[in-house]
Amino acid sequence: GDVITGAAIQEGNIIVFKNNSIWRIILTDDKKSPIGAILAVSQKIGCIAPNSILNVEDIVFFLSRQGFFMLRGNELKHLSEDIEPDIQSLVSNLSNASLASSVFYPKYREVWLVDAVNKVRWVYQLTTEKWFKPKFSNIAANDIRTIMCTLDGSLYSGDLDRGYVYNE
């Protein structure tokens, strides 16, 4: 069957992502039988990039072959229509797409999607529900293959080639 690519906790249940599907494992308080049910969320949309799975306030974001999505409860919403040519370019090479990652920047309520191979980043602003490409004061960060994370409210990127860390 389909390969598990990742998981997230949402509303006290486990969301299991496969390449082409998403499943919800309903948990119970029963220690002898902790799994109440396994339900299909989608049998057409899955996650192709484990590091793109991101839970923000019980909303799970992820990258699939069909684009960038969010899962709120059982509702799947396609978020990447405005940047679809870029996203389709990314997912056309599954080995590169599998390395994409997401991070939440709470200071500005932004979800960052990073294509580390092609050195491209997109930002989805949760308040306005709009995408933009960020500009950095740190010029070196524009030209490197990066990973990103947040710590104490600040956004950091890491240079995978040279081993540097930048505070954005």
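The values are calculated or read from the model by the stated rules, or taken from the named source; none is laboratory data. All values reported here derive from a predicted model rather than from experimental measurement. We place every Cβ from the backbone using ideal geometry, glycine too, and count neighbours over all the protein chains shown. Remember, those area values only see protein heavy atoms, side chains included, never the ligands or the DNA or RNA. Shrake-Rupley method; radii C 1.70, N 1.55, O 1.52, S 1.80 Å.
The residue pairs whose first member lies in the stretch 110-134 and is under 16 Å from Phe69 (Cβ atoms), whose second member is open to solvent by less than 10 Å² (accessible area, probe 1.4 Å) and among the charged types (D, E, K, R), and whose beta carbons are closer than 9 Å, counting only pairs six or more residues apart or on different chains, are Trp122/Asp115.
Applying the set (1) more than 26 Å from Trp131 (Cβ to Cβ); (2) open to solvent by less than 40 Å² (accessible area, probe 1.4 Å); (3) without any contact (Cβ under 8 Å) to a residue 12 or more places away in the chain to Ser33 leaves exactly one unmet item: (2).
Going by what's in this entry, would Thr150 be described as at pLDDT 70 or above and either not in a helix (DSSP H, G or I) or not aromatic (Phe, Trp, Tyr) (or both)?
Working: at pLDDT 70 or above: no; either not in a helix (DSSP H, G or I) or not aromatic (Phe, Trp, Tyr) (or both): yes.
So Thr150 does not fit the description; no.
Looking only at residues of the stretch 53-70 that are under 9 Å from Gln10 (Cα atoms) and among the aliphatic types (A, V, I, L, M), we find that the one that is most open to solvent (accessible area, probe 1.4 Å) is Ile59. When Ile48 is tested against (1) within 29 Å of Asp152 (Cβ to Cβ); (2) under 12 Å from the mean Cα position of the chain (by Cα); (3) among the hydrophobic types (A, V, I, L, M, F, W, C), only condition (1) is not met.
Screening the stretch 21-45 for residues that are modelled with pLDDT of 90 or more and basic (Lys, Arg) and picking the one that is farthest from Asn74 (Cα to Cα) gives Lys44. Within the stretch 87-135, restricting attention to residues that are among the aromatic types (Phe, Trp, Tyr) and open to solvent by less than 30 Å² (accessible area, probe 1.4 Å), the residue that is modelled with the lowest pLDDT is Tyr105.
Within the stretch 38-60, can one find any residue that is farther than 27 Å from Glu84 by Cα and in a loop (DSSP other than H, G, I, E, B)? Write out each step before concluding.
Here is the first cut: in the stretch 38-60, the ones farther than 27 Å from Glu84 by Cα are 38-39.
Retained after the next criterion (residues that are in a loop (DSSP other than H, G, I, E, B)): none.
There is no residue in the stretch 38-60 that is farther than 27 Å from Glu84 by Cα and in a loop (DSSP other than H, G, I, E, B).
Quick one: is Phe17 aromatic (Phe, Trp, Tyr) and within 26 Å of Thr128 (Cα to Cα)?
Details: aromatic (Phe, Trp, Tyr): yes; within 26 Å of Thr128 (Cα to Cα): no.
No.
I want to confirm something. Restricting to the stretch 1-17 and keeping residues that are in contact with a strand residue (DSSP E or B) (Cβ under 7 Å, 6 or more places away or on another chain) and in a loop (DSSP other than H, G, I, E, B), which single residue is most open to solvent (accessible area, probe 1.4 Å)? Walk me through how you get there before you give the answer.
Looking only at the stretch 1-17, we keep the residues that are in contact with a strand residue (DSSP E or B) (Cβ under 7 Å, 6 or more places away or on another chain), and these are 2-10, 12-17.
Okay, now just the ones that are also in a loop (DSSP other than H, G, I, E, B), so 2-3, 12.
Working: Asp2: 51, Val3: 89, Gly12: 52 Å².
Looking at the filtered set, the residue picked out is Val3.
Here Asn20 fulfils each of the conditions (1) within 21 Å of Leu126 (Cα to Cα); (2) open to solvent by 30 Å² or more (accessible area, probe 1.4 Å); (3) assigned to a loop (DSSP other than H, G, I, E, B) apart from (1).
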